[in-house]
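S.K.: This is the structure I have questions about; it appears just below.
The values are calculated or read from the model by the stated rules, or taken from the named source; none is laboratory data. Predicted model only: the values in this text are computed from it and were never measured. We place every Cβ from the backbone using ideal geometry, glycine too, and count neighbours over all the protein chains shown. These accessible areas exclude ligands, DNA and RNA; they are computed on the full protein's heavy atoms, side chains included. Shrake-Rupley method; radii C 1.70, N 1.55, O 1.52, S 1.80 Å.
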Amino acid sequence: MDADGEQLVSVSVPPTEPVDEMRQRVEEDHAEAEYLNDREEVRKPLKQALEETRRILHEYDETPENGLAVYVGTVGDDLVEVVFDDPPAPIGDRTYGYANEFDTTPLEPSASGTATHGLLIVARESATLGRYDGETIEQVESIESDVPSKQDATGRDEDRFQGRSEERRTEFFDSVGDAVERVFLDSPPEGEEPASHDLEGLLLGGSEVTAEPFHDGDHLPETLADEVLGPFNVEYAAETGLRQLVDAAEAAGKLEATDAREALNRFFDALDDEDEPAAGGVEDVEEALEYGAVETLLLAESLSAEEAQTLEARAEEEGASTIIVPTGLDRAEQLQEAFNGVAALLRFPVE
């Protein structure tokens, strides 16, 4: 989104800094703008934007938990006003300025502020490795197993089968450990040990007959062996299983769910649960807003600023909270494709 001339105001305040300092800076610029010639067509929209920014900042006595970002300016013939006071990740930079486009960089989660977990599912047929950064669940690698099944053993061959099965399983577990080292550990300089990693922890999942023996065996790199969370019971060694693994860790209290991911999961679970009403799509959500039924409004980050602002304002009028769902979040694409990026958790069903 851009405008003719430097008239779009961008403000961001990290959670660790007081909002009143930023408010004072805007006050000073607004006071100075009062002396500008009203006939300057570019400066008039800037004065209007500073006035509105000043008004918004006066609504906050303290900086919100994850910081505050405010964007105000005239685009075309419309005054655009977008406020983020509950961003999905803490704002890392303090910024203030005006230009011909908004500076949304502070809303991008910083790498240093994102806790990444490694994901590992070990099943009899295969193993799957992935990463979870608080938003995105990414499948990184899959390893097939050649451990023979019990159906392959018959009669007098059972003892030999058992020995062959144990040998193949050990080889498979060792290959999984090698993959973990390759995927998650930085190779150390020659002659230096051990390798380092940037993970907050390694979530381990699978069945009792695979994940637990793998965990109890000496198969993981030493630097990650003490970072394991789990094992958790997971049915599938695939992308679906990775989601199950993260859900299981959150349910066990070993992993903190982001507000956006928790709300999004609640919404999709509610679609199959008559006891927790929900609405999806602009039309149904607007109807629920009219009835005052919305408890939590979910808006995809991909929505236009104007549409997001309008819906958020209506939700605020009805006493509902709003959560912005980041584009990279697991299932965010499903929200966009199935419901045009708009959904809501309801206080009561709307017929």
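S.K.: Rank SER145, THR105, VAL234 by how far each Cα sits towards the positive end of the charge dipole of the chain (+1 on Lys, Arg Cβ; -1 on Asp, Glu Cβ) and give me just the farthest.
M.R.: SER145
S.K.: Still on this structure, I have one more. Report, in whole Å, the centroid distance computed from the Cα atoms of segment 273-308 and segment 197-212.
M.R.: Each part reduced to its Cα centre gives a spacing of 36 Å.
S.K.: If you don't mind, there's one more thing I want to ask. What figure in square angstrom, to the nearest 10, would you give for the accessible area of HIS30 with a 1.4 Å probe?
M.R.: Roll a 1.4 Å probe over it and HIS30 shows about 20 Å².
S.K.: Please return the longest range in the chain lying between exposed loop sites, taking chymotrypsin sites (Phe, Trp or Tyr not before Pro), DSSP loop only, at most 16 other beta-carbon atoms within 10 Å, and leaving the sites out.
M.R.: 36-290
S.K.: Translational D (Stokes-Einstein, µm²/s) of segment 216-351 at 25 °C and 0.890 mPa s when Rh comes from the Kirkwood sum over C-alpha pairs?
M.R.: Working: Rh = 16.5 Å.
Diffusion coefficient, whole number: 149 µm²/s.
S.K.: Now, a different point. Rounded to the nearest 0.05, what FRET efficiency do ARG25 and VAL228 give with R0 = 45 Å and r taken as the Cβ-Cβ distance? Could you check? Let's see the in-between values first.
M.R.: Numbers: r = 48 Å, r/R0 = 1.06.
Approximately 0.40, to the nearest 0.05.
S.K.: May I pose another question? In nm, what is the difference between 0.36 nm times the number of residues separating PHE268 and GLU317 and their Cα-Cα distance?
M.R.: Values: separation 49, 0.36 × 49 = 17.64 nm, distance 2.51 nm.
15.1 nm is the gain from fully extending PHE268 to GLU317.
S.K.: First compute the accessible area of the chain with a 1.4 Å probe, then give the percent of it belonging to carbon and sulfur atoms. Display every interim value, and only then the final one.
M.R.: Details: 7650 of 19090 Å².
Here carbon and sulfur together make up 40 percent of the probe-accessible area.
S.K.: From a point 7 Å beyond the Cα of VAL140 in the direction of its Cβ, which residues of segment 203-224 have a backbone N at a distance under 15 Å?
M.R.: Answer for segment 203-224: 203-205, 220-224.
S.K.: In degrees, nearest 10, range 0 to 90: what is the angle between the Cα axis of helix 158-184 and the longest Cα principal axis of the chain?
M.R.: Once rounded, one gets 30 degrees.
S.K.: Set the Förster radius R0 to 45 Å, insert the Cβ-Cβ distance between ALA252 and ALA33 as r into 1/(1 + (r/R0)^6), and round the FRET efficiency to 0.05.
M.R.: So the FRET efficiency works out to roughly 0.25.
S.K.: To continue, here is another question. If you fit an axis through the alpha-carbon atoms of helix 19-33 and take the longest principal axis of the Cα set of the chain, what angle between them do you get, 0 to 90°, nearest 10?
M.R.: Roughly 40 degrees between the two axes.
S.K.: Can you give the longest stretch of the chain with no exposed loop site, where a site means trypsin sites (Lys or Arg not before Pro) in a DSSP loop (not H, G, I, E or B) with at most 14 other C-beta atoms within 10 Å?
M.R.: That would be 40-253.
S.K.: With axes computed from alpha carbons, what is the tilt in degrees of helix 259-270 against the longest principal axis of the chain, rounded to the nearest 10 within 0 to 90?
M.R.: 70
S.K.: Taking Cα pairs under 8 Å and at least six residues apart, what relative contact order does the chain come out at, in percent?
M.R.: Rounded, it is 14 percent for the chain.
S.K.: Using a 7 Å offset from the Cα along the Cα-to-Cβ direction at both THR16 and ASP133, what is the distance between the two label points in nm, to one decimal?
M.R.: 2.1
S.K.: What residue among GLU167, GLU235, GLU181 has the largest mean-square fluctuation in a Gaussian network model of the chain, using Cα springs under 10 Å?
M.R.: Residue with maximal mean-square fluctuation among GLU167, GLU235, GLU181: GLU167.
S.K.: Using 7 Å Cα-to-Cβ label points, what is the ASP174/TYR291 separation (nm, one decimal)?
M.R.: 6.3
S.K.: Oh, and also: Using a simple charge model, +1 on the beta-carbon of Lys and Arg, -1 on the beta-carbon of Asp and Glu, nothing else, what dipole does segment 219-324 show about its Cα centre, in debye to the nearest 20?
M.R.: Here the size comes out at about 520 debye.
S.K.: Here's a follow-up. Run the quick spin-label model on ASP77 and GLU351: label points 7 Å from Cα toward the beta carbon, then report their separation in nm to one decimal.
M.R.: 4.3
S.K.: Compare GLY73, GLY177, GLY118 in a GNM of the chain, Cα atoms joined below 10 Å, and give the one with the largest fluctuation.
M.R.: The residue that fluctuates most here is GLY177.
S.K.: Further question: Write down the accessible area per residue of segment 203-328 in Å², having rolled a 1.4 Å probe over the full set of protein chains.
M.R.: 50
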